[in-house]
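**Student:** This is the structure I want to talk about, given as structure tokens.
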Amino acid sequence: MPTMYQPLPEHPHLDARDPGLLAAVARGEARLTPEQGLALLTGAPLHELGRYADARCRDIHGDTYRTYVIDRNINYTNICTAKCIFCAFKRTAKDHDAYTLEHEQLYEKIAELSAIGGTQILMQGGMNPDLSLDWYLTLLAGIKERFPHIHVHAFSPPEMIEFVNFFDPPGADLVEKVRWVLARLKDAGMDSLPGGGGEIFAPAVRTKIGLGKCTAEAWLQTMYAAHSLGMYTSATMMFGHIEGHADRIHHMRMIRHWQDKAIRDFGTGEVPADVAGDPSVKKQTTGGHYTAFISWPFQPDNTALGRLREWPAEGDAEAHGPAFPGDVVAQLDGSGTKDLHPEFGRRLRYAGATEYLRTQATSRLFMDNIYSIGSSWVTMGPHVGQVGLYYGANDMGSVMMEENVVSSAGTTYCLDEAVLCRLIRDAGFTPAQRNNVYDILTVHDGADAPDRRVTDWSAHRAQRLHAEAAKGGAVSQVTVGGRKR
Ligand code: SF4
């Protein structure tokens with residue numbers, strides 16, 4: 001995975017749509033200010049935004065390959081102490097459908113993944129106070145013993161913060177305590193830390209939707225602790241609910257800032273080429289940093305947040321003015337308070353396909369120090385995910401053997417490798433399987449490519465192997481190439 005972290009100049013006096021500025025951003029020679037990012041997100045024509053985001057993506061990733069990973073989402077428990085109002089997945093220990101999977105059940109799932117050529121698990125759960133540190137260490141060691149070739153992309157900052165609360169590790173501050181826990185998990189077999197639980201960082205929004213979940217500062221410091229140990233992490237954002245547009249830019253700004261900090265403090269882990277073979281050169285850096293950013297719109301089904309009325313409901317505009325409450329409250333520095341609008345947090349503004357593409361394209365242009373931008377077909381559906389490859393995304397994420405969290409909120413797209421390859425190829429790129437650090441493992445340009453081996457697309461169905469939290473929920477049939485599958 002190449003790195004791309006030279007400090008870039010800002011040009012705050014220029015209009016956000018200045019062609020010279022956007023061309024420089026697309027070449028990786030200039031950085032957008034938050035004000036310019038907001039202006040692009042809210043004001044640039046969609047295709048113009050997409051054109052520059054695509055140019056930036058091609059500058060980094062080239063014109064040929066677009067990638068995916070074969071991994072498996074494994075949710076080891078749905079018992080959680082938090083009360084996020086956007087979540088349809090969590091249960092209390094007393095609920096009849098609460099579960100915690102046994103280690104052997106988890107190993108079976110990984111064996112199924114390994115059998116289809118998978119390389120990684122994304123293993124996350126609720127914040128379950130009944131599980132000990134030893135439970136996690138034994139699990140991780142057991143995974144590595146049985147499946148040394150499987151990358152363990154596991155847990156999330158909110159889980160880490162609760163591990164600190166549950167296990168009471170030594171340390172003078174949060175970063176030290178998190179690092180103590182992380183170091184043990186890493187030694188046992190955890191390879192990298194996913195960016196789950198990012199949601200929206202601005203406190204006014206976060207405290208409304210994520211009851212019992214860690215603060216943005218704790219989330220970012222947890223990632224910093226992981227970076228200090230040389231671990232790679234990803235970052236996420238869930239939008240299209242009560243937040244304002246400025247909240248999205250603030251969120252991206254915080255990740256960009258902490259990525260700068262991680263690179264400054266820990267480097268990229270790469271030894272300069274001219275001294276790489278010199279054994280007297282001591283590697284000074286650990287190189288932990290964010291590798292990827294993935295954003296997706298809120299999925300409302302079966303959630304308390306989804307029961308809010310959309311803005312404007314009858315009489316809203318007359319009583320409170322036409323502006324969406326989230327936009328009235330949101331500030332680019334995250335300082336907005338709920339007091340600025342009486343309906344803040346009580347009205348939703350969903351994000352559809354164009355809003356999704358605008359947000360993703362803006363993230364590619366604004367977050368100049370993030371290597372990979374993922375397209376979220378899991379929430380947006382395969383075809384919007386496919387179009388996302390022209391709006392700044394270089395990666396289609398994972399073949400989905402199993403998904404329990406988003407599907408609990410009503411969205412259940414499941415694609416196998418052949419379908420994912422076809423989506424990428426139909427978009428004009430060569431599909432390539434990657435690993436966790438975005439190195440390409442297999443280029444599918446031959447006759448034996450997964451999609452080219454399918455002889456009858458009308459009979460081809462994406463398979464879903466397991467679904468702990470959405471039993472009875474039908475797998476969506478999705479259309480690729482004009483056919484239902
Ligand atoms: S989103 Fe995560 S932390 Fe929040 S309630 Fe659901 S499982 Fe728990």
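**Student:** Quick one: which of 177/208; 90/208; 90/213; 144/186 span more than 20 angstrom between C-alpha atoms?
**Tutor:** From the list (177/208; 90/208; 90/213; 144/186), the Cα-Cα distance tops 20 Å for 177/208.
**Student:** Which whole-Hz ³J(HN,Hα) couplings does segment 337-347 yield from phi under the Karplus relation 6.51 cos²θ - 1.76 cosθ + 1.60, θ = phi - 60°, glycine and proline marked x?
**Tutor:** 10, 5, 5, 6, 8, x, 9, 4, x, 10, 10
**Student:** With a 10 Å radius around each residue's Cβ, average the other Cβ atoms per peptide and rank 50-56, 372-378, highest first.
**Tutor:** Ranking, from highest mean packing down: 372-378, 50-56.
**Student:** Same structure, new question: Which value, in debye to the nearest 20, gives the size of the charge dipole of segment 19-131 about its Cα centre, when Lys and Arg are +1 and Asp and Glu are -1 at the Cβ?
**Tutor:** Dipole about the Cα centre, nearest 20: 320 debye.
**Student:** As I understand it, the dipole of the chain uses +1 on the Cβ of Lys and Arg and -1 on the Cβ of Asp and Glu, about the Cα centre. Which of 366, 250, 100 lies farthest toward its positive end?
**Tutor:** 100
**Student:** Rounding to the nearest 20 debye, state how big the charge dipole of the chain is about its Cα centre with +1 on each Lys and Arg Cβ and -1 on each Asp and Glu Cβ.
**Tutor:** About 520 debye.
**Student:** Hey, another quick one. Given H placed on each backbone N at 1.01 Å, which residues far from residue 195 in sequence or on other chains put an amide H within less than 5 Å of it?
**Tutor:** Sorted by chain and number, the residues that satisfy this are 234, 235.
**Student:** Give the span of segment 326-385's Cα atoms along each principal axis, as three whole-Å numbers ordered largest to smallest.
**Tutor:** Answer, in whole Å and largest first: 38, 27, 15 Å.
**Student:** Per residue, how big is the convex hull around the C-alpha atoms of segment 30-141? Give it to me in cubic angstrom, could you?
**Tutor:** 216 Å³
**Student:** So what does the Cα-only Debye profile of the chain read at q = 0.09, 0.12 Å⁻¹, as log10 I(q)/I(0), no solvent term?
**Tutor:** -0.60, -1.13
**Student:** If you don't mind, another one. Given 170, 149, 192, which one lies farthest toward the positive end of the charge dipole of segment 149-212, if we put +1 on the Cβ of every Lys and Arg and -1 on the Cβ of every Asp and Glu?
**Tutor:** Positive-end residue among those listed: 192.
**Student:** Moving on. Order 250-260, 92-102 from most to least packed using the mean count of other Cβ atoms within 10 Å.
**Tutor:** 250-260, 92-102
**Student:** Next question, about the same structure. When we measure straight from the Cα of residue 109, which aspartates and glutamates land under 17 angstrom away, once same-chain ones fewer than 8 places off are left out?
**Tutor:** Straight-line reach from residue 109, under 17 Å: 71, 145, 402, 403, 416, 468.
**Student:** Quick one: 3J(HN,Hα) in Hz for segment 197-210, Karplus 6.51/-1.76/1.60 with θ = phi - 60°, rounded, Gly and Pro as x.
**Tutor:** Karplus values, whole Hz, x for Gly and Pro: x, x, 6, 10, 6, 3, x, 4, 7, 4, 6, 6, 9, x.
**Student:** Assuming R0 = 35 Å, can you tell me the calculated FRET efficiency for the pair residue 207 and residue 452, based on Cβ-Cβ distance, to the nearest 0.05?
**Tutor:** After rounding to 0.05, the efficiency reads 0.10.
**Student:** Moving to a separate point now. Report, by chain and number, residues whose modeled amide H sits under 5 Å from the one on residue 69, excluding near sequence neighbours (fewer than 5 apart, same chain).
**Tutor:** 397, 398, 399, 434
**Student:** Given the rule -39500 (n - 2.57) for each run of at least 4 DSSP H residues, summed and divided by the residues of the chain, what is its mean residue ellipticity at 222 nm, to the nearest 500 deg cm²/dmol?
**Tutor:** Mean residue ellipticity at 222 nm (helix-derived): -10500 deg cm²/dmol.
**Student:** Using amide H atoms built in the peptide plane, which far-off residues or other-chain residues are under 5 Å from residue 84 H to H?
**Tutor:** Residues meeting the amide H criterion: 211.
**Student:** Next question, about the same structure. Can you work out the base-10 log of I(q)/I(0) for segment 302-443 at q = 0.14, 0.15 1/Å, using the Debye formula on its C-alpha atoms alone?
**Tutor:** The Cα Debye sum returns log10 ratios of -0.83, -0.91.
**Student:** Another question, if that's okay. What list of ³J(HN,Hα) couplings, whole Hz, do you get for segment 242-254 from phi and the Karplus terms 6.51, -1.76, 1.60, once you set θ to phi - 60° and write x for glycine and proline?
**Tutor:** Values, residue by residue: 9, 7, x, 4, 5, 5, 5, 5, 4, 4, 5, 4, 5 Hz.
**Student:** Let me ask another. By the 4.7 Å beta carbon criterion, which cysteine residues of the chain come out unpaired?
**Tutor:** Flagged as lacking a Cys partner: 57, 80, 214, 414, 421.
**Student:** Could you tell me the distance between the Cα centroids of segment 309-356 and segment 102-180, to the nearest Å?
**Tutor:** So the two Cα centres are separated by 38 Å.
**Student:** Using the 10 angstrom Cβ neighbour count as an exposure proxy, how do 223, 367, 238 rank, fewest first?
**Tutor:** 367, 238, 223
**Student:** From zero outward in steps of 10 Å, how is the percent of C-alpha pairs of segment 115-253 spread across the bins?
**Tutor:** All Cα pairs considered, the percentages come to 12, 41, 32, 14, 2.
Every number here is computed from the coordinates shown, using simple stated rules; none is lab data. Fair warning: this is a prediction, and the values are worked out from it, not measured in the lab. Note: ideal-geometry Cβ built from the backbone for every residue, glycine included; neighbour counts use all protein chains shown.
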